[in-house]
Each structure stands twice: as structure tokens, then as C-alpha cells.
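One structure below.
The values are calculated or read from the model by the stated rules, or taken from the named source; none is laboratory data. Keep in mind that this is a model prediction, so the values were computed, not measured. Cβ atoms come from the backbone with ideal geometry, glycine included; neighbour counts cover every protein chain shown. Only protein heavy atoms, including side chains, enter the accessible area calculation; ligands, DNA and RNA are left aside. Shrake-Rupley method; radii C 1.70, N 1.55, O 1.52, S 1.80 Å.
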Amino acid sequence: LGDTGSTYFKSLIISLNLTHQPEVLWKNIDENDYQSLKNNEFRLYQDSSGGKNWNHSIHIDKDRQSTVSFRGYQLKADNKIIESGNRVSPVLFFNNIASNLRVHIKQFWQNFPKAISANGKQINLEIFPETLKSDFELQGGEQKTHTIFLDFNSKDDLLEQMVTPLKVTLPLSHYADTSALPWLPSVLKSTELDKVILAGIEGEQNFFNKREKADEYGWRNFGELWADHETLEHGYDDKRVSHYNNQYDPVYGFFRQFILSGDQRFLELMDNLAKHVIDIDIYHTDKDRPEYNAGLFWHTDHYMDAGTCSHRTTSRQHMEADHVEQSGGGPSDEHCYTSGFMYHYFHTGHIKSKEAVVSLTHWIMRRIEGDRTVLDRLNSFFKQDLKAIKSLLSGEKILNYQYAFHRGTGNYINSLLDAYTVTDDPKYIEKVESVIKNTMSPQDDIQLRDLRDIELRWSYTVLLQSLCKYLSIRKNTPDKCFEFIRDCLLHYAWWMLENEKPYLETPELLVYPNDTWVAQDIRKAYIFYCAYQLTTDLNFLQASKDFFTYVNDNLNTKQVLKSSRILAILMQSHFHPDIQLKFPTMEKNEVINTGAKVNFSVSNILINFLLDVLKRLTNLSVRNEYQWFRQRFFNR
């Protein structure tokens, strides 16, 4: 907050002018009877959430001053308070000779401040009302969507049916039969982990209660998840602000749990979070660096109060603290999640969710591939290729693929698969196959990956999960590329079988050896189960069951199992170990190893670099080269 890229404004009001002086009535959306307002001038104004923590430190401006003035709402008539309360969701009925009009602003108190006012024949829908304190600050790349209902029907009161429609749930067996989501059972045989996940909507620390504790309300914050796990270092301080964003894709996790349980509360959480992230956490701009434009900001910095960074990961206060080695920054490929938006689009038809899938995919493509300028390729040569050349000249053996062996590449593959699913454009599948072929091979010397350096390498399991997703999508058309990617997965799965163990068995290798690592172990069970379905090798099945049991036993009695981060990981990676994935199966001795061993040599790296530069020179744009240089050295 307070950055030079922000825009400030006092109010945004939609005004409607009637032909005659109306009779005005109002009520709460859940009430039956209207109350009459016989005054010519009135204003119903919600200043804060009205909750117990309405004046939480989450509500501050650029000067760290509170933006709220009083608890709840006030109804003023002729400038006198005639009613006040905590939370209101009003329907206004304007009845005159010419026509009737009913008005409702959706999630009125949740997205405070809000107001509806009238003065004679003029009705004002105050989307951003002038408040008693500071102006509104819209940060660079932020947007905000509001929903307004206007009902001009003169007879029937249909507005409430539109605001609170019937909610439909289909049987789990239907979703499983259609393969609408991967790895769904036809009948839910509830496990202990299912009960752990239900803490998200039923336990004392459920997501709705967390929302109240941190007062995650207001136009910028509603729908966000409070990152209570980030208060661990501070004794679970409820006043410490920490935003979780869509880390580990709880948008998808909520939807998956809704499908499994049929509980509409999961769907409500999904919808709230999806719309928040699309508006506030996605960086809607083309004025910044290409690798940032249209990207996704991630959770606010670990174990620190968000300060004035709002939802922008890091604030100036963070950079001044003794915590810089852990500080985050702009959008990052290791924090890109699209699957929840894909399912939100399929379930609701919300077109912005489909657009988010495609735009985030194109952003992460720019982030990882670069912007095709010569200067960008020179930059990657000095950052990556030169380091590899020095290693080779010193006699080291290395795996110098184009793409990194971590969750960033896994997120890239996952996003491409989601973009393919919502568009049916084969270019995305072709890109997935190219990325995987330039990330690994069934002939890799896995020891060179140094995967036992847990703190730096743990997220390779996210990458392997993305291969499982590809194989699930393409299982009915198993061509040579399918076989290659299957063999890549199995090559690493067999290594895991011999080498992987629970993270917390070696706590000395971890910076923060907490129970989040137990939750991350569910990914290993997931990969082993996929490998079992591909091979029918009972060793994989046993390993999957062992890790599944370990996660269950070690999270079931811990306080931190209720944390947002652990629940997010479990909601989207938890599976039921009796499902059949119906892959074309094979035996271990049938591995094809279709990929030739990649040649990592100094000459190979230099040749590839020169060829890539020549390609870029053929499409050279002086403007783009200048833009690249200016954005990195003059726009600081």
C-alpha cells in the first residue's frame, strides 16, 4: 500500500433517477416483512464487518491507520440514526406510480464498506461509498467485481429466488463415472483423513471461524483464507495478519471435498476464494515485467505480519526486518495454481475463471520460457548455462535440462493440462510433452538430482504428480509419448521406493521441521499408488499404504492439523486407496526407456545457446529489447 502504482478515489456510486417520488420499504434478505421508510432522505451504511473483531489490524491504509470507524451498520433518515446493528443484507423496495424496483447488493456486509441511499427521486447504490476515514486505494493490477440485483417486476418478488437459488448436488457415483475429477471413488468409504479434512468446516478452527478471528472481510479481503499456520512462531496470535491466497490450490481442494461429501459449505468457500483470487491476487497489468504481468501473487511472507503489503507477498517492513532470506516477491512459477479455477468454471459457468486458467498458463509460460528477446537469452546464459559449463569443466557430472526439476515445472505442466481441458486446444498437450521431454528421461542418473536435500528438492513430488495427471488424461490414447512419460514416472518411482522416507525422520535437514512436512508426505502415497496402477507391482501398493497410514497417524492428534496450509495440502492431494485408475498396465521388465540419453557437454550447451540466439535474431525487435532492458534497470 502507498506504492506509486496505486490509484486513489473517494467513491464509486451508481445512481438511478425515478420519474416519481417512491414509497420506500426495506428488509433483510432473510426476513419476510418489509419496513416502511417514510423519510425523503435516508442512507443505509455498513462501515465494518460487524463481527467481534471488526476493528482488526487487517483493516489499515498506507499509513497503517485503521480504515473502519464503528461496528456494523447504521440506518440514517434525514441525517438521524434510526437503527443500527452488526450485519445487514438489505433489499430495498421502491414503489411508485410508474413501476416497482427492488434493489440488492450481493454480500453487502461481507464486502464493506457499502451503502444504499436515496434522496427524493434519486437512488444511489454506493459500491464504494464515501467513508468517515481514508480514501480507497486500488493497487496496481487490482480489480474488484461486485454483483447488483435490480428487479423491475411490478408484481412478483422474484429477487430473493435469484439471490438465494436452489443448490443441487449430484451423486458421487455420477462424478466418478464421468471422470469429472481424477481419482474419485464411486462410493465414499470415509477414512480418518476424511475426518481430519472435515475440520475445515466443522471443527473449532474451521475456515469460517478463522475468517472471523482475522476478520477477513471487506472489499479487498473477503473470500481470503487466514494463514493461521504463519502465526505458529508467535503463539497463534489472532491479531497477526497473514493472507494465504490460493497456495496449494484450496479452490480445487474445496471443490474436490464438495464432490466427495456433498456439503455445500465447501462450495461456498470455493466460490468466495476463487472470486477473491481472480480480482485481488492475480496481477491484472501489462505494464510490469513480462514474467510478472498477469501472474499470481502468493501468500504473504512466512511467520511475519503482512503489514502494508496487503496481498502482495512482501511489504517494505519485511525488507527492513531480519528475515530477508525468506522474503518473497513478485509472482513465481512455484506458486501457480489453476485447477480450482478450471473446476469453478465448469461448475458455475463463471467466465472469469476460465479466463484465469488460460491467462495464468500464458503467464507461467512467459515466466519459465522467457520473453524471446536476445537480452533475455543472454541473461539466462549467464544465470544458468554458465554455471553448468563451470561444473562440467571442473569434472562434475550434471543433468542440465532446460526445465528445473521442481514444483515450478510441475505447476507449468499442470496449468498447460488445465488450459487444454478448458479450450480443447492440442497445442497445450504438445507443449506438455515437450516440457517433460526437456525435464527428465527414463535413463537419468537420479543420484545427480540430489533429491535427499529435502529443503531444496522436496517439491519434485509436485512435478511427478503432474505426470500422474497427464497419464490420467491421456490413458485412453497410450502412444509413444505416453509410454515415455510413463517410463519417466516409473524410473523415479522405483528410486523413491528404495530411498524415500517420511521427512520428519531427518528433522536436522529442515529449516522448520513442523507437521506441514507430514502433510506433504501424502504426495508420495499418491505417486506410489499411481505407479501401482501402472504396473500392478505390489511393492508400490505397500509403499502407498505405508505413507498413507503414516500421514493419517501423525496428523490425527496434532494441533497444527487444523492449520490452513495442512488442510489445503490434504484437500487436493488426499485420495482413497481402493479406487481403480484403469491405466494400461505393464510389468517392471517391460519398461521401454524410449528416450535417448541426453548429452550434457560444454559443446552441447554452447551450440544450443548459439542456435537459440540466432532464432531470436531472425525476429529481432529493437523495441522489445529496449523494453526488457528498461524494465530491469530503470523501473525499480
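Only a single criterion out of (1) within 30 Å of E625 (Cβ to Cβ); (2) surrounded by fewer than 24 Cβ atoms within 10 Å (Cβ to Cβ); (3) modelled with pLDDT of 95 or more is not satisfied by C336, namely (2). Scanning the stretch 606-633 for residues that are open to solvent by 100 Å² or more (accessible area, probe 1.4 Å) and among the basic types (K, R) yields a total of 2. Applying the criterion of at least 3 residues that are among the β-branched types (V, I, T) to the helices (runs of 4 or more DSSP H) found wholly in the stretch 343-453 leaves 351-369, 407-423, 426-437. In the stretch 162-181, of all residues being open to solvent by 40 Å² or more (accessible area, probe 1.4 Å) and of a type in the set (G, A, S), the one that is modelled with the highest pLDDT corresponds to S173.
Taking residues in the stretch 423-435 that are at pLDDT 95 or above, and partners anywhere that are outside any helix (DSSP H, G or I), the pairs with Cβ atoms closer than 7 Å and at least 6 places apart or on different chains are V435/Y403. With the condition kept exactly as written, say whether any residue in the stretch 238-256 is part of a helix (DSSP H, G or I), among the aliphatic types (A, V, I, L, M), modelled with pLDDT of 90 or more and farther than 18 Å from K52 by Cα. Looking through the stretch 238-256, at least one residue is part of a helix (DSSP H, G or I), among the aliphatic types (A, V, I, L, M), modelled with pLDDT of 90 or more and farther than 18 Å from K52 by Cα. For beta carbons closer than 6 Å, sequence separation of 6+ or different chains, a first residue in the stretch 374-386 that is closer than 14 Å to R616 by Cα and a second that is of a type outside the set (S, T, N, Q) and outside any helix (DSSP H, G or I), the qualifying pairs are D376/G370. When D453, D445 are screened for being closer than 26 Å to Q572 by Cβ and surrounded by fewer than 21 Cβ atoms within 10 Å (Cβ to Cβ), only D453 passes.
Listed here are the strands (runs of 3 or more DSSP E) enclosed by the stretch 1-119 that have at least 2 residues being out of contact with any Gly (no Cβ under 9 Å at 6 or more places or on another chain) and more than 30 Å from A306 (Cβ to Cβ): 12-17, 23-28, 35-37, 41-46, 73-77, 80-85, 90-95, 100-105, 114-119.
Here is a yes/no grid of residues against (1) on the phi > 0 side of the Ramachandran plot; (2) of a type outside the set (S, T, Y); (3) surrounded by 14 or more Cβ atoms within 10 Å (Cβ to Cβ):
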{"position": "K114", "(1), (2), (3)": "no, yes, yes"}
{"position": "G120", "(1), (2), (3)": "yes, yes, no"}
{"position": "N124", "(1), (2), (3)": "no, yes, yes"}
{"position": "Q139", "(1), (2), (3)": "no, yes, yes"}
{"position": "E160", "(1), (2), (3)": "no, yes, yes"}
{"position": "W183", "(1), (2), (3)": "yes, yes, yes"}
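Does Q65 qualify as being without any contact (Cβ under 8 Å) to a residue 12 or more places away in the chain and open to solvent by 20 Å² or more (accessible area, probe 1.4 Å)? Criteria not met by Q65. The residue that is least open to solvent (accessible area, probe 1.4 Å), counting only those in the stretch 270-291 that are within 15 Å of I364 (Cα to Cα) and in contact with a helix residue (DSSP H, G or I) (Cβ under 8 Å, 6 or more places away or on another chain), is I282.
Against the list (1) within 23 Å of L101 (Cα to Cα); (2) not in a loop (DSSP other than H, G, I, E, B); (3) not β-branched (V, I, T), the condition H174 fails is (1).
Which one is farthest from G295 (Cα to Cα), of the residues in the stretch 346-393 that are open to solvent by less than 50 Å² (accessible area, probe 1.4 Å) and among the charged types (D, E, K, R)? Out of the qualifying residues, it is D385.
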